[in-house]
1. What distance in nm separates the simple spin-label points at Thr97 and Leu67, each placed 7 Å from Cα in the Cβ direction?
2. Could you give the size of the charge dipole of the chain about its Cα centre, using +1 on the Cβ of each K and R and -1 on the Cβ of each D and E, expressed in debye and rounded to the nearest 20?
3. Assuming 0.36 nm per residue, please report the length gained on full extension of the stretch Arg74 to Cys26 beyond their Cα-Cα distance.
4. Note the angle between two axes, namely the Cα long axis of helix 5-30 and the longest principal axis of the Cα atoms of the chain, as a number of degrees from 0 to 90, rounded to the nearest 10.
5. Can you give the FRET efficiency for Leu12 and Lys39, using 1/(1 + (r/R0)^6), R0 = 30 Å, r = Cβ-Cβ distance, to the nearest 0.05?
6. Working from Cα positions, state the angle (0 to 90°, nearest 10) between the long axis of helix 74-97 and the longest principal axis of the chain.
7. Can you give the convex hull volume per residue for the Cα atoms of the chain, as a whole number of Å³?
8. Given the rule -39500 (n - 2.57) for each run of at least 4 DSSP H residues, summed and divided by the residues of the chain, what is its mean residue ellipticity at 222 nm, to the nearest 500 deg cm²/dmol?
Amino acid sequence: MRRPLLVTLISLLMILGGIGQFLLGCIALASRSNATFLKDANLTTAEATTFAVVLLALGATSVFLGLSLMGGSRVVRGLVGIYEVLQLAGGIYTFVTIESSKRGYGIGQIAVALVVLYFLFGTDKAKAFFAG
């Protein structure tokens with residue numbers, strides 16, 4: 001069976017989201033000693049470093065899974081499902097704990113995770129693609 005458009009869209013969303021996370025992680029890592037950034041984000045240097053490293057890891061994982069999903073593996077589909085649930089939790093955590101204009105990132109993370117979960121598990125074409 002040909003890969004459904006929505007599965008391709010999921011893969012692209014994951015890749016783009018992963019690139020965004022990775023870039024945000026780079027910015028946070030580079031800004032971890034910037035007093036204005038730390039004050040605006042209400043973080044300590046150690047918390048900013050941890051936040052950055054987690055974003056770097058999530059971003060790299062998202063890109064890898066997005067690329068792997070295009071092959072139609074049920075295992076990768078399950079891993080992506082688990083990963084998106086974790087992304088959803090991370091978005092909620094980011095929205096609740098990060099103060100300032102960075103909350104928009106958490107909202108975006110929540111929205112993307114919900115869309116990906118729906119497209120991956122909620123459509124008949126995706127179910128058929130991963131069943132075969």
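What follows is calculated from the coordinates using simple rules that are stated; it is not laboratory data. This structure is a prediction, so every number in the text was calculated from the model and none was measured. Glycine also receives a Cβ, built like all others from the backbone with ideal geometry; neighbour counts cover every protein chain displayed.
1. Each label point lies 7 Å from its Cα, and together they span 2.9 nm.
2. Numbers: 10 positive and 5 negative charges, 83 e Å.
Using Cβ point charges on Lys, Arg, Asp and Glu, the chain gives about 400 debye.
3. Numbers: separation 48, 0.36 × 48 = 17.28 nm, distance 3.19 nm.
Stretched fully, the Arg74-Cys26 segment lengthens by 14.1 nm.
4. Value to nearest ten degrees: 20.
5. Details: r = 36 Å, r/R0 = 1.20.
Result of the calculation: an efficiency of 0.25.
6. Taking Cα atoms only, the helix is inclined about 30 degrees.
7. Working: hull volume 10.7 nm³, N = 132.
Dividing the Cα hull volume of the chain by its residues yields 81 Å³.
8. Numbers: 6 runs with 109 residues, N = 132.
So the calculated ellipticity at 222 nm is -28000 deg cm²/dmol.
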